[in-house]
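Down below is the structure, laid out as structure tokens.
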Amino acid sequence: MRLTAAISHEGVWHVARCLEVEVTSQGETVDESLANLREALELYFEDEAPPGNLEPPSASSSSLSIGNWRPARSGQCSGRQD
């Protein structure tokens, strides 16, 4: 079975998310996050049937504008709008 992973860098971690099923893992490197995701998916599918009709996810890159949103200063909640 072939699945798709999206990898993001969050703080010191690389986070790998499977786009077909809701399984996520992390590691200190991209390779480690993918190895951990592979292991998590193997454990997930021990108890879950593989999805029936897997189609590759549709993904694209977009730029979004969010009104007057500003990054939070230290000690404030993110997503604050003034």
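We did not get these values from a lab; they are worked out from the coordinates using the rules stated. All values derive from a computational prediction rather than experimental measurement. FYI the Cβ positions are ideal-geometry reconstructions off the backbone, even for glycines, and counts take in every protein chain you see.
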Which loop GluC sites (Glu not before Pro) in the stretch 2-31, with loop taken from DSSP, have no more than 11 other Cβ atoms within 10 angstrom of their Cβ?
-> Glu22, Glu28
List every residue whose amide H lies under 5 Å from the amide H of Val23, counting only residues 5 or more places away in sequence or on a different chain, with H placed 1.01 Å from N in the peptide plane.
-> Cys18
Residues Asp31, Asp47 in order from fewest to most other beta-carbon atoms within 10 Å are Asp47, Asp31
Length gained, Ser8-Asn68, 0.36 nm per residue minus C-alpha separation, equals 19.1 nm
